[in-house]
Amino acid sequence: MGEPNDTGQVMRSLLFVPGHIEKMVNKAPSTATDCIVFDLEDAVPPRNKEEARACIRTALESGRYAAKTTFVRINPIDSGLTLQDLDAVACKELDGFVYPMAFDGDDIKKFDAQLSLMESHLELPRGHFSIVALIETAAAVLNTQEIACASSRVVGLMFGCEDYLAGMDARHTDLDISLHHPRMMVALAARAAGVAAIDTPFVQVHDTEGLEAFAKRARNLGMGGMVVLSPKQVAVANEIYSPTAEEITFANDVAAAAVEAEKQGMGVVIVDGKFISPPTLKAAMRVLDRHRAIGELEKRSGDGK
């Protein structure tokens with residue numbers, strides 16, 4: 001079996017927006033976030049669920065979110081609220097759903113079946129709605145690959161550390177040591193399946209330096225983006241999860257050297273004193289592909305610098 005192809009979808013930042021707070025819902029499309037996740041789960045008190053559903057549906061149908069990738073985090077199946085959520089917010093303007101508390105692949109398969117019925121009811125093409133699976137329990141961490149491959153709708157795995165730590169009776173630690181293993185499991189499974197690897201949010205929203213360090217550690221493990229809880233965090237997330245100027249320059253040099261080496265029939269290339277092997281060339285091409293994809297996204301959404 002060959003390596004899977006990445007979806008190519010850029011998800012550096014996913015801004016969570018409580019669905020019942022109209023002011024925040026209306027502000028979201030003006031931010032530079034790559035994706036907007038309207039929340040119907042933890043951020044919305046039970047008494048405000050219906051209000052949140054109506055607010056989200058109105059916002060989606062307004063057309064103001066057309067330039068953004070949009071998701072709704074629904075309530076999980078065992079809550080008894082999932083079908084109510086789907087009936088209220090599913091529409092052609094919505095790209096997909098964040099499915100919380102996914103324990104194994106069967107959870108995703110059941111949700112996939114519900115989405116198929118919804119698409120049929122709305123006369124939308126099959127596969128219109130995508131899924132980002134939220135990994136936030138010990139069982140889910142152990143089943144990450146199964147979850148990632150459970151449905152062709154899955155476009156990302158998202159790590160949620162707070163529920164994970166609570167379930168593990170674990171604690172936040174210096175350098176995020178307690179998060180190292182689940183982060184790696186999520187990144188490994190996502191990369192193996194060719195879907196986005198999305199890190200947990202940094203909850204101290206006013207600590208920019210802490211956010212930078214937190215995001216860099218996850219990026220170094222292979223994460224491709226992260227959840228953000230405030231528009232103030234978007235710029236940092238987008239920067240950390242974009243190739244640096246140095247990486248782009250080096251990647252261009254590697255690509256050019258590889259072309260020249262092929263012309264001359266050479267099997268070995270040296271760039272900036274570094275031996276360039278096939279994996280190095282592959283990494284360079286990934287950097288350039290991501291740089292182009294980010295540029296195209298920012299151009300479409302008007303977020304270009």
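The values are calculated or read from the model by the stated rules, or taken from the named source; none is laboratory data. Note that the coordinates shown come from a computational prediction; the quantities given were computed from them, not determined experimentally. No Cβ is skipped: glycine too gets one built from the backbone with ideal geometry, and neighbour counts run over all protein chains shown.
Assorted remarks:
- A search for C-beta distances below 6 Å between a residue of segment 1-19 that is under 16 Å from Ala293 (Cα atoms) and any residue that is modelled with pLDDT under 80 and among the aromatic types (Phe, Trp, Tyr), counting only pairs 6+ apart in sequence or on different chains, returns nothing.
- Among the residues here, Val269 does not qualify as surrounded by 15 or more Cβ atoms within 10 Å (Cβ to Cβ) and at pLDDT 85 or above.
- For Glu93, the stated conditions hold: it is more than 18 Å from the chain's Cα centre (by Cα) and either within 27 Å of Glu22 (Cα to Cα) or modelled with pLDDT under 95 (or both).
- Qualifying residues in segment 25-44 (those that are of a type outside the set (Asp, Glu) and surrounded by fewer than 18 Cβ atoms within 10 Å (Cβ to Cβ)) - the one farthest from Arg12 (Cα to Cα): Asn26
- Which numbered condition His121 fails, given (1) touching a Ser or Thr at 6+ places or on another chain (Cβ under 7 Å); (2) assigned to a helix (DSSP H, G or I): (1)
- Positions within segment 6-19 being in contact with a Cys (Cβ under 8 Å, 6 or more places away or on another chain), in a strand (DSSP E or B) and hydrophobic (A, V, I, L, M, F, W, C), in sequence order: Leu14, Leu15
- Residue count, segment 155-189 (criterion: within 18 Å of Phe111 (Cβ to Cβ) and in contact with a helix residue (DSSP H, G or I) (Cβ under 6 Å, 6 or more places away or on another chain)): 2
- Filter pass, Val234 being in contact (Cβ under 8 Å) with a residue 40 or more places away in the chain and assigned to a helix (DSSP H, G or I): yes
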